[in-house]
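J.: Encoded as structure tokens, here's the structure I'll be asking about.
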Amino acid sequence: MNHDLGLPATQLARRTLAHARSLLPAALFHHSVRTYLYGRLLGEQRGLRPDHDYDDELLFLGCLLHDSGLSAEGNGDQRFELDGADLAVRFLREEGVASDRREVVWDAIALHMDREIAERKRPEIALVALGAGFDLGGGPNRLPPGYADRVHRAHPRLRAAAVLHDSIVNQALENPRKAPPFTMQGELVRQATGGSRPTWEQFARSAGWDDYEGSP
């Protein structure tokens, strides 16, 4: 436990940290911890205080488990964030976590790829999406001097963006249902394979409603 970085120290937080470490490859595990650290900091920059304005343990649980759908255990037939949300809820149910708290974690994980929606939700949900996005697409300029160095000493990057990309694409290549058209997963597979993106008209025609029959 990295006490100097202020990770939650409840028994559930400790067990979840160990669970995430056993579940995920190292690059995704460290990305998940950084998601919490950066999400919490971005919340503080917005005036949100841990355990005053939101439940810090719930934020930690959502961050630590947000990519669990990319694990071997979490790999199902849905988009990885939905598989991960379902797996997280199963783990938390076994840990005796109440259903209303499990629901917050499910929403945080399931919505973390849809930042615009997640930001409309409660902080425990919004900050998972913000932290995950910042760890991949942010940078040290928005952080206090030296903070990124402290975080990366404890939780090295290990090519996180590349590993995340390959994990998503490899799952979807094995099971196309994990990368529906018009999703980010579908776009990553298209880029990796050089495939074409279906047009809206093709999508509509495939439904069989004949909406385009007789149109100019």
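The values are calculated or read from the model by the stated rules, or taken from the named source; none is laboratory data. Source: prediction; values computed, not measured. We place every Cβ from the backbone using ideal geometry, glycine too, and count neighbours over all the protein chains shown. These accessible areas exclude ligands, DNA and RNA; they are computed on the full protein's heavy atoms, side chains included. Shrake-Rupley method; radii C 1.70, N 1.55, O 1.52, S 1.80 Å.
J.: Is there any pair with a first residue in the range 74-98 that is within 13 Å of residue 112 (Cα to Cα) and a second that is among the basic types (Lys, Arg) and buried (at least 20 other Cβ atoms within 10 Å of the Cβ) whose Cβ atoms are under 9 Å apart and which are 6 or more apart or on different chains, and what are they?
T.: The qualifying pairs are 79/178; 80/178; 83/178.
J.: Let me ask something additional. If we scan the range 140-154, do we find a residue that is in contact (Cβ under 8 Å) with a residue 60 or more places away in the chain and surrounded by 20 or more Cβ atoms within 10 Å (Cβ to Cβ)?
T.: yes
J.: With respect to residue 101, is the statement that it is among the charged types (D, E, K, R) and either more than 26 Å from residue 183 (Cα to Cα) or modelled with pLDDT under 95 (or both) true?
T.: yes
J.: When the range 83-102 is examined, which residues are found to be of a type in the set (D, E, K, R), part of a helix (DSSP H, G or I) and surrounded by fewer than 20 Cβ atoms within 10 Å (Cβ to Cβ)?
T.: Once the filter is applied, which keeps residues that are of a type in the set (D, E, K, R), part of a helix (DSSP H, G or I) and surrounded by fewer than 20 Cβ atoms within 10 Å (Cβ to Cβ), the range 83-102 yields 86, 90, 93, 94, 100, 101.
J.: Considering each residue of the range 72-82, count those that are buried (at least 21 other Cβ atoms within 10 Å of the Cβ) and over 11 Å from the mean Cα position of the chain (by Cα), and give that number.
T.: The qualifying residues number 2.
J.: Here's another thing I want to ask about it. Go through the range 103-127 and report how many residues are out of contact with any Phe, Trp or Tyr (no Cβ under 8 Å at 6 or more places or on another chain) and open to solvent by less than 80 Å² (accessible area, probe 1.4 Å).
T.: 14
J.: What is the number of the single condition among (1) under 11 Å from the mean Cα position of the chain (by Cα); (2) over 15 Å from residue 129 (Cβ atoms) that residue 87 does not meet?
T.: All conditions are met except number (1).
J.: Output the residues belonging to the range 155-183 that are open to solvent by 50 Å² or more (accessible area, probe 1.4 Å) and either in contact with a Cys (Cβ under 9 Å, 6 or more places away or on another chain) or of a type in the set (Gly, Ala, Ser) (or both).
T.: The answer is 161, and nothing else.
J.: Is it the case that the range 24-33 has a residue that's part of a helix (DSSP H, G or I) and in contact with a strand residue (DSSP E or B) (Cβ under 8 Å, 6 or more places away or on another chain)?
T.: no
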